[in-house]
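A short worksheet on the structure shown next.
The values are calculated or read from the model by the stated rules, or taken from the named source; none is laboratory data. It should be emphasised that the depicted structure is a prediction, and the values quoted were computed from it without experimental measurement. With ideal geometry, Cβ positions are generated from the backbone for all residues, glycine too; neighbour counts draw on all protein chains shown.
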Amino acid sequence: MSEPDTITDASGDSSTDHPAFRYTAALADELELRWQDRWDADGTFETPNPAGPLADPDLVADRGEKLFVQDMFPYPSGSGLHVGHPLGYIGTDVYSRFKRMTGHNVLYTLGFDAFGLPAEQYAMQTGTHPAVTTNENIANMRRQLRRLGLSHDSRRSVSTTDPSYYRWTQWIFSQIFNSWYDPDAANETGSTGRARPIADLVAQFESGERATPDGRPWADLSASERESVLSDHRLAYVSDAPVNWCPGLGTVVANEEVTADGRSDRGNFPVFKRNMRQWMMRITAYADRLIDDLDRLDWSDAIKTMQRNWIGRSHGARVDFASAAGDITVFTTRPDTLFGASFMVLAPEHPYVDSLTTAEQADAVATYRREAESKKDVDRQDENREKTGVFTGSYATNPVDGEQIPVWIADYVLMGYGTGAIMAVPCGDHRDFEFATTFHLPIPAIQQPPADWFTEHGIEPSLDTSTWPTAFVGDAPYVNSANDSLDLNGITNKADGIDAINAWLEAQGSGQATINYKLRDWLFSRQRYWGEPFPVVWDEAGNPHTVPDDMLPVELPDTDQFSPRTFDPDDADSNPESPLDRLDDWITVELDLGDGRGVQQYRRDSNVMPQWAGSCWYQLRYIDPTNENRFCEVENEAYWMGPRTDVRPDHPGGIDLYVGGVEHAVLHLLYARFWHKVLFDLGHVASVEPYARLFNQGYIMADAFTDARGIYVDAFQVEGDDESGYTFEGQPVTREYGKMGKSLKNAVSPDEMYEAYGADTLRLHEMSMGPLDASRPWETRDVVGMYRFLQRLWRNLVDEETGESTVVDEPADDDTRKLLHRTIDVVRTEMDALRFNTAIAKIIELNNALTKLPATPREVAEPLVLMLAPLVPHVAEELWVKVGRSESTDGTVTYAPFPEADPALLVDDTIELPIQINGKVRSRVTVSADAGTGDVEAAALADAKVVEALNGGAPKKLIVVPGRMVNVVV
RNA sequence: GGGCGAGUGGCGGAAUUGGCAGACGCGCUGGCUUCAGGUGCCAGUGAGGGAAACCUCGUGGGGGUUCAAGUCCCCCCUCGCCCACCA
């Protein structure tokens, strides 16, 4: 293993044995800090807006086409950065700098996602207020990132914890709360369904255009009754939701924080599934638009697939089975297999279970339900488990044939999906087949599997399912599928079968085609301290009201009581008390909400928002970070994020490039899209989507090692290799390969790299390691390669003894000039496509060629420096001054035009073609670049190797690919 | 179990999408500089054979299409990520 802590300065620790002006880490350090101060002082990276507080319309016009580039913003952790963190940031910085040089007005900054658990945990342990640690961490992280030379507009760097920021997070919440989803209103895609102000709904009730649920006139409803009706429509609403309640911690925890044995990740306390009143967001209303608009986004198919699967839209039917308890409704994607339904299964939690359970089965059912309740979801979802279940004693009627089929309960049916009840078709579903086999239930055959299905399973073709080893899942002709008014027999594919039965079910009134989603509404409240308070107060009747906009923000109250109240770990009946609940002075307020009720006493909502809230809209605040009148000026949003029909006709708008890790593929990206669509529907933004183009950067990987106890050991002290095994202090350790991380004890700090090589070398190395979207292993010893390259570059332009430029004004020779222009051509293409690794390789080739010349001609030196400016901005600035060109661009290379290739120099007069004999390269021939097929054939046939191979005969075949190669088949 | 993606020198990775495999960098070998180590510089470096020109083999394994395959098709193996009793 490499040992970065032994690295001091790669040039050696003595300053006397190398020339005074060699490009060393010390020189890099000096010039990097100097240029960073200069950029700050000059406001070099400040980006003008068309309107609002940061407006400079003339400069906007001057800078050129707009480009909005954004990284997923970090949580300001206290443990500092390692070299893996800035990979994506360096990529976006290089791209932003390149785009500035090619005539773009680039919006590029970085904020902080600073609400959340770690600061709160730390506060509970130390008593330090989370605001204090958060601000310290942000300051530290800003310093570390600044040292990398990132070209952020620092005026636009926001923190989600700043009241001037979360004021607008609360404002957006109010907008969402005060709106409803009208499924019949036309939206911008030409289909229907969009958010509208809740006042529109109230108007519909008032006018009688829309009937109230119980038919009474709106005017006759009490305030609470009205709120109850509206709550069923609001996009943000309070509802009983199943949550993980952990009395030992005094809080609700996320599914991810619950261990496999149903205990809390932290503290190892029991966790109980409980229904509790929580804030929810009606994201399910947007399920279709969230799926459909994926087609308009320039995102990878992998991420789109993940989002589609998460939303989980499936087409099917709801079918009613009559029972003693009433109609049991099931959801099925295969209504065409209804004739094969030989029993039903309800989730143990299904509300009909009590009334369906007969006296004889009561004990068995009660026992089973108790067991199911104590089981964690994780257990229930282990599909390798044997099927368990119990008969309720009751029967239901299959609507297609009137048959009485038994109703069972089993934990493989989940209350949270579909209707919590299924019809079991054992011949066509593996789970149902397994269940029927375990409990000896009938398995009627309703499809004729093809012959090779039987062959595959090694059995004789037969419709006797007792010979089948498993269910048949597929498309095949129906059998035994007919009643007096419906006949599926003879239909050979499931699409037709489904159409036929859906029509019949609807005609009979016993079912209807429907669409089901896996997506659930979004649980939006947390009983913690360090988050955005809800801008909501509750009146004495228990109805919620949003605080008027001019009273925002509702500031998080200052307190030293950050901890939630904890209970006996086994006290399942306890209820959460959030830290804010205890602040009586804050909780109880007298306010005039401006709704005509005058000053009233209210209780503030004591929940806080989840960490996702602040990240749902931060790109909008980057646009107008200091605007006090709006979350951002309409004109600015339209400029930076408006739809680009020049890119594609159905372009949804949004930022031009969003870079971040794939771990946010679902939750963050889905939540942000949802909020953005609500803002669009309500007319607050011109873009339909927040992120037009998404790019997932890879990770820096490293080996980590654990000892016998499973504890991580310092990876840099581990000895050995894969063959001989690894040891730490003589003891064997286990290697695991994954993302670099401080807690894995394999993190390399960027500070070590600055000290040994400088920031430019680190930037260049990270960009040269491979494609930006690929994960790559970190090897500290590899970094020296780019350091040596920068030294050669420096030496090609600067005298190491005097520090003076050695660039000459004589013109370059033809070969060098051609190489330069070919390099420019490739580098432009590659940088534009975020392929920095190949761009760097080309630039190194050019520089290597310069090394062989007696002196570097100015006509090559200048474009070379400009091409490198996005990658290694500090040394590029320094060299730009040294070669004497800084005066032309106001002292900085940042807005200098990127070199352009002369097309005339990209073509050669003559080209060398490989000559293949039977597909193998055996010779080469030089022909003029515009040589026709005939000329090339003649040249090839005259080649000595070809003459020898042909031995006087004629070639069997002669293939000429003009400009590429010749293949002679003998 | 399902979905997505990837396997190229000792290592990280190139290869204009079917047309000269291994660009560029690390490492390694030899040389120069140095009292020496390090730094820096120059040259070589896929494997095997040969004094050399050159020859043979070679992109996880097996088969196929083609004048031509890392690239396209079929089967298999390995690894990574996401989802996972979703009816």
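Candidates in the stretch A:712-734 are the residues that are more than 18 Å from A:Ala702 (Cβ to Cβ) and among the small types (Gly, Ala, Ser); of these, the one that is nearest to the chain's Cα centre (by Cα) is A:Gly725. Checking each residue in the stretch A:942-960 for being within 16 Å of A:Asn918 (Cβ to Cβ) and free of Cβ contacts under 8 Å to residues at least 24 places away in the same chain picks out A:Val947, A:Glu948, A:Leu950, A:Asn951, A:Gly953, A:Ala954, A:Pro955, A:Lys956, A:Lys957, A:Leu958, A:Ile959. Among the residues of the stretch A:319-329, those that are more than 10 Å from RNA strand B (Cβ to nearest atom) and either touching a residue at least 40 places away in the same chain (Cβ under 8 Å) or small (Gly, Ala, Ser) (or both) comprise A:Asp320, A:Phe321, A:Ala322, A:Ser323, A:Ala324, A:Ala325, A:Gly326, A:Ile328, A:Thr329. Of all residues in the stretch A:790-818, those satisfying the criterion of being within 26 Å of A:Leu905 (Cα to Cα) and buried (at least 20 other Cβ atoms within 10 Å of the Cβ) are A:Leu793, A:Asn796, A:Leu797, A:Val807. In the stretch A:435-469, which residue that is loosely packed, with under 13 Cβ neighbours inside 10 Å and among the polar types (S, T, N, Q) is farthest from RNA strand B (Cβ to nearest atom)? Result: A:Ser462. Do we find a residue being touching a Ser or Thr at 6+ places or on another chain (Cβ under 7 Å), in contact (Cβ under 8 Å) with a residue 40 or more places away in the chain and among the charged types (D, E, K, R) anywhere in the stretch A:586-609? There is at least one residue in the stretch A:586-609 that is touching a Ser or Thr at 6+ places or on another chain (Cβ under 7 Å), in contact (Cβ under 8 Å) with a residue 40 or more places away in the chain and among the charged types (D, E, K, R). Residues that are within 16 Å of RNA strand B (Cβ to nearest atom) and without any contact (Cβ under 8 Å) to a residue 24 or more places away in the chain were ranked within the stretch A:267-294; the one that is nearest to the chain's Cα centre (by Cα) is A:Leu294. Note on the stretch A:769-778: residues that are farther than 18 Å from A:Val659 by Cα and more than 6 Å from RNA strand B (Cβ to nearest atom) total 1. Considering only residues that are within 12 Å of RNA strand B (Cβ to nearest atom), part of a helix (DSSP H, G or I) and more than 16 Å from A:Glu900 (Cα to Cα), which ones fall in the stretch A:795-831? Correct list: A:Arg795, A:Asn796.
Listed here are the residues, each with its yes/no results for (1) in contact with a strand residue (DSSP E or B) (Cβ under 7 Å, 6 or more places away or on another chain); (2) under 22 Å from A:Phe173 (Cα atoms); (3) surrounded by fewer than 21 Cβ atoms within 10 Å (Cβ to Cβ).
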{"position": "A:Tyr618", "(1), (2), (3)": "no, yes, no"}
{"position": "A:Tyr622", "(1), (2), (3)": "yes, yes, no"}
{"position": "A:Trp640", "(1), (2), (3)": "yes, no, no"}
{"position": "A:Asp646", "(1), (2), (3)": "no, no, yes"}
{"position": "A:Gly653", "(1), (2), (3)": "no, no, no"}
{"position": "A:Val659", "(1), (2), (3)": "yes, no, no"}
{"position": "A:Ala692", "(1), (2), (3)": "yes, no, no"}
{"position": "A:Gly698", "(1), (2), (3)": "yes, no, yes"}
{"position": "A:Asp703", "(1), (2), (3)": "yes, no, yes"}
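Scanning the stretch A:295-311 for residues that are touching a residue at least 60 places away in the same chain (Cβ under 8 Å) and surrounded by 14 or more Cβ atoms within 10 Å (Cβ to Cβ) yields A:Arg296, A:Leu297, A:Asp298, A:Trp299, A:Ser300, A:Ile303, A:Met306, A:Gln307, A:Trp310, A:Ile311. Within the stretch A:136-168, the set of residues being of a type outside the set (Asp, Glu) and under 17 Å from A:Pro557 (Cα atoms) comprises A:Thr160, A:Thr161, A:Pro163, A:Ser164, A:Tyr165, A:Tyr166, A:Arg167.
Name every residue in the stretch A:948-964 that is out of contact with any Lys or Arg (no Cβ under 9 Å at 6 or more places or on another chain) and not charged (D, E, K, R), in order of residue number. Result: A:Leu950, A:Asn951, A:Gly952, A:Gly953, A:Ala954, A:Pro955, A:Leu958, A:Ile959, A:Val960, A:Val961, A:Pro962, A:Gly963. I need the full set of residues from the stretch A:653-677 which are touching a Leu at 6+ places or on another chain (Cβ under 7 Å) and either within 16 Å of RNA strand B (Cβ to nearest atom) or not in a strand (DSSP E or B) (or both), in order please. Scanning the stretch A:653-677 gives A:Asp656, A:Leu670, A:Arg673, A:Phe674. Kindly provide the set of residues from the stretch A:442-476 that are over 15 Å from A:Ser342 (Cα atoms), in a loop (DSSP other than H, G, I, E, B) and aliphatic (A, V, I, L, M), ordered by number. The answer is A:Ile459, A:Leu463, A:Val473, A:Ala476. Close Cβ contacts (under 9 Å, 6 or more residues apart or on different chains) running from residues in the stretch A:832-860 that are over 18 Å from A:Phe898 (Cβ atoms) to residues that are more than 7 Å from RNA strand B (Cβ to nearest atom) and among the small types (Gly, Ala, Ser) comprise A:Leu850/A:Ala861; A:Leu853/A:Ala812; A:Thr856/A:Ala812; A:Pro857/A:Ala812. Pairing each residue of the stretch A:393-420 that is within 14 Å of A:Tyr352 (Cα to Cα) and without any contact (Cβ under 8 Å) to a residue 60 or more places away in the chain with any residue that is assigned to a loop (DSSP other than H, G, I, E, B) and away from RNA strand B (no atom under 14 Å from the Cβ), provided the two are 6+ apart or on different chains, yields C-beta distances under 9 Å for A:Gly393/A:Thr357; A:Gly393/A:Thr358; A:Gly393/A:Ala359; A:Gly393/A:Glu360; A:Gly393/A:Gln361. Taken as a whole, the structure leaves A:Thr761 outside the set of residues that are modelled with pLDDT of 90 or more, more than 9 Å from RNA strand B (Cβ to nearest atom), touching a Pro at 6+ places or on another chain (Cβ under 9 Å) and among the polar types (S, T, N, Q). Considering A:Arg788, A:Arg792, the condition of being within 30 Å of A:Pro863 (Cβ to Cβ), free of Cβ contacts under 8 Å to residues at least 40 places away in the same chain, assigned to a helix (DSSP H, G or I) and of a type in the set (Lys, Arg) is satisfied by A:Arg788 alone. Entry remark, the stretch A:158-203: residues being of a type outside the set (D, E, K, R), within 26 Å of A:Thr626 (Cα to Cα) and without any contact (Cβ under 8 Å) to a residue 24 or more places away in the chain number 0 in total.
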